[in-house]
1. Among the residues of the stretch 135-147, are any acidic (Asp, Glu), within 30 Å of residue 40 (Cβ to Cβ) and not in a helix (DSSP H, G or I)?
2. So, in the stretch 35-61, how many residues would count as being closer than 23 Å to residue 132 by Cα, in contact (Cβ under 8 Å) with a residue 60 or more places away in the chain and aliphatic (A, V, I, L, M)?
3. Quick one: in the stretch 57-73, which of the residues that are surrounded by fewer than 19 Cβ atoms within 10 Å (Cβ to Cβ) and within 17 Å of residue 178 (Cβ to Cβ) is farthest from the chain's Cα centre (by Cα)?
4. Here is a check on your reading of the model: is residue 118 of a type in the set (A, V, I, L, M, F, W, C), free of Cβ contacts under 8 Å to residues at least 24 places away in the same chain and assigned to a helix (DSSP H, G or I)?
5. Limited to the stretch 71-95, what total is found for residues that are among the aromatic types (Phe, Trp, Tyr) and under 20 Å from residue 20 (Cα atoms)?
6. Any residue in the stretch 160-174 that is part of a helix (DSSP H, G or I) and buried (at least 18 other Cβ atoms within 10 Å of the Cβ) sitting within a Cβ distance under 7 Å of a residue that is acidic (Asp, Glu) and modelled with pLDDT of 85 or more? List the pairs, counting only those 6 or more apart or interchain.
7. What tally of residues in the stretch 128-146 results from selecting those that are out of contact with any Phe, Trp or Tyr (no Cβ under 8 Å at 6 or more places or on another chain) and surrounded by fewer than 15 Cβ atoms within 10 Å (Cβ to Cβ)?
8. Using the structure shown, decide if residue 44 is within 13 Å of the chain's Cα centre (by Cα) and either on the phi < 0 side of the Ramachandran plot or not charged (D, E, K, R) (or both).
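The values are calculated or read from the model by the stated rules, or taken from the named source; none is laboratory data. It should be emphasised that the depicted structure is a prediction, and the values quoted were computed from it without experimental measurement. Note that each Cβ is placed from the backbone with ideal geometry, even for glycine, and that neighbours are counted across all protein chains shown.
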Amino acid sequence: IEIGCTEQMKEYLLREGGVHENLQAFFAFSACVAALRAFRIVEGKWLKIWFFLGAVGSFFIAGEELSWGQWIFEWTTPAEWAEINDQHETNLHNVSSWLDQKPFIIMSIGVLVGGIIIPILQKYRPATLPQKFKDIYADYRVMPTALIALALKLADTFSDATGIHFFWRVQEILELYIFYFIFVYVLVMIDKHRQQINQELR
């Protein structure tokens with residue numbers, strides 16, 4: 001849809017504090033709520049730790065995308081913080097690559113492995129997957145979102161190499177789909193573990 005938008009509409013959708021960043025925060029917060037729900041449903045210490053960490057991480061992402069409320073309440077960034085923040089915002093991910101690029105790379109790898117490779121292996125080569133992690137493997141339902149994220153990453157790489165751009169600020173669109181993937185993943189996990197519990201009760 002955005003390929004056919006005017007430049008003004010793209011800027012409106014993708015500007016700092018715009019529609020896309022608000023959607024990113026919405027899906028990250030939704031993933032946090034869903035992960036807390038999963039935390040209550042699942043059984044076993046390590047599974048509970050997995051979803052608790054997912055909830056904390058998703059809450060952190062949501063807060064960062066909104067600059068912890070700056071885009072809503074429009075407060076001014078303190079001068080001392082503005083000096084060390086790349087975009088002069090009250091967040092952490094623009095202070096260091098360790099809080100921005102590194103976590104993003106980890107999440108991107110997670111989408112590729114958890115959203116594409118594992119579902120394919122579960123379908124065609126299930127014996128190759130370590131069974132001790134089977135409780136956190138997602139199925140084919142996460143693949144559409146993961147494939148879209150992969151396509152956006154390839155488009156971004158192609159644009160960097162050729163100078164031909166399909167999207168305006170493709171990184172923002174990619175982040176949106178990664179956060180949406182996390183939300184979908186947790187929903188799939190909730191459904192998976194509910195089914196397991198129901199089967200055990202029969």
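1. Step one: list which residues in the stretch 135-147 are acidic (Asp, Glu), which gives 135, 139.
From the residues that got through so far, the ones that are within 30 Å of residue 40 (Cβ to Cβ) too are 135, 139.
From the residues that got through so far, the ones that are not in a helix (DSSP H, G or I) too are 139.
Among the residues of the stretch 135-147, at least one is acidic (Asp, Glu), within 30 Å of residue 40 (Cβ to Cβ) and not in a helix (DSSP H, G or I), which makes the answer yes.
2. 5
3. Of everything passing the filter in the stretch 57-73, 63 is farthest from the chain's Cα centre (by Cα).
4. Criteria met by residue 118.
5. Just the residues of the stretch 71-95 that are among the aromatic types (Phe, Trp, Tyr), to begin with: 71, 73, 75, 81.
Checking the rest, the ones that are also under 20 Å from residue 20 (Cα atoms) come to 71, 73.
Final tally of qualifying residues: 2.
6. From residues that are part of a helix (DSSP H, G or I) and buried (at least 18 other Cβ atoms within 10 Å of the Cβ), the pairs are 170/156; 174/156.
7. To start, the set of residues in the stretch 128-146 that are out of contact with any Phe, Trp or Tyr (no Cβ under 8 Å at 6 or more places or on another chain) comprises 128, 130-135, 137, 139-141, 143-144.
Going one step further and asking which of them are surrounded by fewer than 15 Cβ atoms within 10 Å (Cβ to Cβ), we end up with 128, 130-134, 139-140, 144.
Adding up the residues that qualify gives 9.
8. Values: within 13 Å of the chain's Cα centre (by Cα): no; either on the phi < 0 side of the Ramachandran plot or not charged (D, E, K, R) (or both): yes.
So residue 44 does not fit the description; no.
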